[in-house]
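Values in this text are rule-based calculations from the coordinates and carry no lab data. In this text, all values refer to a predicted model and were calculated from it rather than measured experimentally. Every residue, glycine as well, gets a Cβ built from its backbone with ideal geometry; the counts of neighbours run over all protein chains shown.
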């Protein structure tokens, strides 16, 4: 699942901020935590059938525009209003269309945490087009200290890599993974098809 090759790491090395793992909640994954298998069979074809013009419209309107990180596309269902407050969120109208389809996946992905009360601060589909990369970075905002950032690959290929620190991972379709977004992380898609992940940020309610 992982490769610690220094040679591979240097292929997309950049000027890196200091790792902030020590500032994050102790409940967050230290690097990557595999959460287990989830059933994406009922939703995969619907997601792959989304027309490119919809991706382009939603990507243009998205709140998370970080062009310096690389070429990615997003369809955002829920997002934080304030980057420093994970509980201050906005839900977009498209969520009502997709809620019944995505909630079973979200429930399955987060079941291992066993939280009695919980919520989601962000819900989105993220596309990493073929031949694109996400530069190594940390998510710098206070809201990221308290949430679990979870990836569920909907479509991927063997040439997609994800990095956390100096370790390389390949996330399989139909599995859920928590990534510590307060550690240095990034990714690359060297394959011939787009990588599409469902990304959610999840937290425990006190």
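Annotations
- Relative counts (whole %) of C-alpha pair distances in the stretch 2-204, using bins that are 5 Å wide: 1, 7, 16, 21, 23, 18, 10, 3, 0, 0
- Cα gyration tensor, the stretch 68-175 - rounded (a/c under 1.5), prolate or oblate: rounded
- Mean separation of Cα pairs under 8 Å and 6 or more residues apart, divided by the residue count, gives the stretch 158-206 a relative contact order of 40 percent.
- Rough spin-label spacing in nm, given labels placed 7 Å along Cα→Cβ, for residue 50 and residue 173: 1.6
- Listed peptides 174-186, 95-107 by packing density, highest first (mean Cβ within 10 Å): 174-186, 95-107
- Centre separation in Å (Cα based) which lies between the stretch 177-194 and the stretch 129-170: 3
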